[in-house]
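Just below is one structure, and these are the notes that go with it.
The values are calculated or read from the model by the stated rules, or taken from the named source; none is laboratory data. Just so it is clear, the model here is predicted, and its values are computed rather than measured. Neighbour counts are summed over all protein chains in view; Cβ atoms, including those assigned to glycine, are modelled from backbone coordinates with ideal geometry. Heads up: the accessible areas ignore ligands, DNA and RNA and are worked out on the full protein's heavy atoms, side chains in. Shrake-Rupley method; radii C 1.70, N 1.55, O 1.52, S 1.80 Å.
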Amino acid sequence: MYVCLCNAISDKVIRHAVRQYQPRSLNQLRQLMPIGSDCGKCIRQARLIMEEEQAML
Ligand code: FES
């Protein structure tokens, strides 16, 4: 499913990036993809997905 509609970024893409690059913060995740760079409505959900994926590492 799309998390960030403005930039067409799915939860799958976020999870993959977290596993592969292991960002330590949302800012680091945002260096990997332009999530939240437009309307910003996706930030909260993106953080939750990132934390969920980090917990599984
Ligand atoms: Fe992500 Fe708008 S939905 S910036």
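What the table below lists for this structure:
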quantity	calculated
Enumeration of residues in segment 1-31 that are open to solvent by less than 60 Å² (accessible area, probe 1.4 Å), over 13 Å from Glu51 (Cβ atoms) and assigned to a helix (DSSP H, G or I)	Ala17
Failed condition for Ala46, given (1) more than 11 Å from the ligand (Cβ to nearest atom); (2) part of a helix (DSSP H, G or I)	(1)
Test: residue in segment 33-42 that is loosely packed, with under 14 Cβ neighbours inside 10 Å, outside any loop (DSSP other than H, G, I, E, B) and within 11 Å of the ligand (Cβ to nearest atom)	no
Among residues of segment 18-40, those that are without any contact (Cβ under 8 Å) to a residue 24 or more places away in the chain and more than 8 Å from the chain's Cα centre (by Cα), counted	9
